[in-house]
1. Could you tell me the calculated FRET efficiency between HIS191 and ALA104, based on Cβ-Cβ distance and R0 = 41 angstrom, to the nearest 0.05?
2. Can you compute 3J(HN,Hα) from phi for each residue in segment 180-189, using the Karplus curve 6.51 cos²θ - 1.76 cosθ + 1.60 with θ = phi - 60°, rounded to whole Hz and x for Gly and Pro?
3. Select from segment 165-235 those GluC sites (Glu not before Pro) which occupy a DSSP coil region and have at most 16 other Cβ atoms within 10 Å, ordered by residue number.
4. Net charge near CYS4, counting Lys/Arg +1 and Asp/Glu -1 over other residues with Cβ under 13 Å of its Cβ?
5. Need the list of lysines near LYS73 for cross-linking: C-alpha distance under 26 angstrom, and skip anything on the same chain fewer than eight residues off.
6. Do you know the relative contact order of the chain, to the nearest whole percent, from alpha carbon pairs under 8 angstrom that are 6+ apart?
7. Between their Cα atoms, which of LYS12/LYS180; LYS180/LYS233; LYS181/LYS227 are more than 23 Å away from each other?
8. When Rg is the radius of gyration of the Cα atoms in segment 75-154 and Rh is its Kirkwood radius, what does Rg/Rh come to?
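The values are calculated or read from the model by the stated rules, or taken from the named source; none is laboratory data. The structure displayed is predicted, hence computed values, not measured ones. A quick note on method: Cβ atoms are made from the backbone with ideal geometry, for glycine too, and the neighbour counts reach across all protein chains shown. Surface areas here come from the heavy atoms of the whole protein model, side chains and all, with no ligands, DNA or RNA. Shrake-Rupley method; radii C 1.70, N 1.55, O 1.52, S 1.80 Å.
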Amino acid sequence: NNFCAKILQGAKEYILLSTIILLTLLTAWLINPINPLFIPVFIAPMLISILLDLRLGVVTNLLLALAISLITKGDAGFFYTAIIGGTGAAFIVKGASQRSKLSASGLAIAVINAIVITAVGLINKSGIATIANNAAIAGINGVLSVILTIGTLPVFESMFNIITPLKLLELANPNQPLMKKLLMEAPGTYHHSLMVGNLAEAATEEINGNALLARVGAYYHDVGKLKRPYFFKEN
């Protein structure tokens, strides 16, 4: 409420946050008997960072790491991997504006997890085989977490009507039905909207605003002219 007032504006955001946290805890409870390192705790900070806010994602990751460590009975490997890997995951995916870049971030998260597990294993003086096995599991967990994040992201976007950079890029696609209709029926307005989008993006970047949102908003700002395109000379 104090630090994310602009993000947590209503019940929708609180329900989204609670849903992600509860699903993560439930998954941890189910997977823990197999191996704590298989728990996909990284999904929560990534989803929250993309859908809501980076700081909120980092804080939630810390709370989940503490909560799940009770389920894992203080497993050191999981705890440090969850805190370091989860925080890194939140920062890495925040800058990803395309699903391809989001996929590539899985490799970075896998490397971070493997390094953390290796360090914990060396501190505990574990055997080389044990360290290698745990590092492989943690790395695979990182990659699978990104895959699951990409798969569940559209579900949360549609269920909670959240506009993410990935969604905005889809709306900016010229093959969007509404954009294609604007191009065919009001080509003058279409090209005018593209120019306005470029201007809006450049101006918004100067004031550190959401440049992508400004550009996509400009693309659609004149779609109302489609109703009676012959009313407007530039069409």
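1. Values: r = 34 Å, r/R0 = 0.82.
It comes to 0.75.
2. Using θ = phi - 60°, the values come out as 5, 5, 5, 5, 6, 9, 9, x, x, 5 Hz.
3. Within segment 165-235, the qualifying GluC sites (Glu not before Pro) (loop, at most 16 other Cβ atoms within 10 Å) are GLU234.
4. That sum, taken over residues with Cβ under 13 Å, equals 0.
5. Straight-distance partners of LYS73: LYS125.
6. Normalised by residue count, the contact order of the chain is 16 percent.
7. Numbers: LYS12/LYS180 32 Å; LYS180/LYS233 20 Å; LYS181/LYS227 11 Å.
Going by Cα-Cα distance, LYS12/LYS180 fall outside the 23 Å limit.
8. 1.03
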